[in-house]
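Novice: Have a look at the structure that comes next, please.
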Amino acid sequence: AKSRGRSEIAYYEKGLTTGVTERMMLEGELRKALERNELELYFQPKIELVHQIIVGSEALLRWNHPQLGLLTPDRFITLAEETGLIIEIGDWVFRRACEVAVEWNRDEQKLHTVAINLSPRQFVGKDLVSTVCEILEQTGCSPRWIEVEITESLLLDDQPSTRRALNKLSELGIRIAIDDFGTGYSALNYLTRFPIHILKIDRSFIERITTDRNCEKLVKAIINLARSLRMTLVAEGVETKAQALFLENLGCHQVQGYLYARPGPKSEIEGSLLNLASWTLGRDY
Ligand code: C2E
Ligand code: CA
Ligand code: CA
Ligand code: CA
């Protein structure tokens, strides 16, 4: 950008972009990233194992930083949360995801859900539910096309306002997923107290599933838990055919991971995957 001084660019190029320095720079820039249109949603397909079809996509945030290039959320989400910018960014993500969901559900025969990650911060203060309703209405997005992914930590906090918000989202018809399931504390009773529809087992378990017998048993138990509570079970971070086969045999419903597709820009996902006849991937293992 023209407004940036040479010294600032040189600073980046010297690689002095770690720790406090990076943080200070990024904070100022993140404020402007929205208006400069530097944020982008990538999408990663979710595959239903039994039918081997794409049933939805998860929206994953990216920041096209003018000097640093494409940044993944680990570089800026914490910063966004600490500064409160996550509210504005979260609203943008939700709106953009709904716009895409509308496009991807033009054909009423094929439901394609779009999953949106919500930060716990989005449940504090400003009324999340009214924002969501407003965005759904303005974009013409059906709540049936949307899933929200939340973390266990949000539920363990157990605020009445959080419970109210989740109940309302669920009543609207939005499905609620617990992300990174199994990595938090083991206070499983929250599963009965909140409207939860989907469990996403964390990648750290999937990584070891074919090599570690205890891990295999644990995943099996989680799958059974999900089944008995009538929840959809999603395994994330599936990278090998062996893992996919294993999960299919264990009765896992859906998978997501590099084996099928890496997260990519909307156009890439549409080009490579969504236009395939009936979105069938075909089992080649
Ligand atoms: P997550 O929700 O657990 O998302 C899954 C992460 O794993 C993504 O990283 C994805 O690119 C990566 N991944 C997917 N498949 C594989 C695989 O097979 N192998 C490996 N090694 N990794 C895989 P990403 O896109 O860098 O996102 C990181 C985290 O940032 C997300 O973790 C999520 O917690 C957060 N995040 C992303 N987008 C948003 C957003 O819009 N809002 C909020 N609040 N958080 C977001
Ligand atoms: Ca997620
Ligand atoms: Ca996850
Ligand atoms: Ca994660």
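The values are calculated or read from the model by the stated rules, or taken from the named source; none is laboratory data. Since we're looking at a predicted model, the values are computed, not measured. Backbone-built Cβ (ideal geometry, glycine too); neighbour counts: all protein chains shown. Ligands, DNA and RNA are stripped out before the accessible areas are found, and what is left, the full protein with its side chains, is counted by its heavy atoms. Shrake-Rupley method; radii C 1.70, N 1.55, O 1.52, S 1.80 Å.
Yes/no matrix, rows are residues, columns are (1) assigned to a strand (DSSP E or B); (2) open to solvent by less than 10 Å² (accessible area, probe 1.4 Å); (3) within 16 Å of ligand 4 (Cβ to nearest atom):
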site	(1), (2), (3)
Asn37	no, no, no
Glu40	yes, no, no
Lys46	yes, yes, yes
His51	no, no, no
Ile54	yes, yes, no
Leu60	yes, no, yes
Trp63	yes, yes, no
Leu70	yes, no, no
Glu88	no, no, no
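Novice: Got at least one residue in the stretch 151-169 being of a type in the set (A, V, I, L, M, F, W, C), more than 30 Å from Lys110 (Cβ to Cβ) and open to solvent by less than 50 Å² (accessible area, probe 1.4 Å)?
Specialist: Yes - at least one qualifying residue is present in the stretch 151-169.
Novice: Suppose the filter is surrounded by fewer than 18 Cβ atoms within 10 Å (Cβ to Cβ), modelled with pLDDT under 95, over 29 Å from Trp63 (Cβ atoms) and in contact with a helix residue (DSSP H, G or I) (Cβ under 8 Å, 6 or more places away or on another chain); does Leu111 pass it?
Specialist: Working: surrounded by fewer than 18 Cβ atoms within 10 Å (Cβ to Cβ): yes; modelled with pLDDT under 95: yes; over 29 Å from Trp63 (Cβ atoms): yes; in contact with a helix residue (DSSP H, G or I) (Cβ under 8 Å, 6 or more places away or on another chain): yes.
Yes, satisfied.
Novice: Continuing with the same structure: Test of understanding: among Arg213, Arg193, Arg230, which residue is more than 16 Å from ligand 1 (Cβ to nearest atom) and at pLDDT below 90?
Specialist: Of the residues listed, the single one that is more than 16 Å from ligand 1 (Cβ to nearest atom) and at pLDDT below 90 is Arg193.
Novice: Can I ask one more? State which residue is nearest to Ala59 (Cα to Cα) when the search covers only the stretch 92-108 and only residues that are open to solvent by 40 Å² or more (accessible area, probe 1.4 Å) and either within 13 Å of ligand 1 (Cβ to nearest atom) or not in a loop (DSSP other than H, G, I, E, B) (or both).
Specialist: Going through the qualifying residues, I end up with Arg96.
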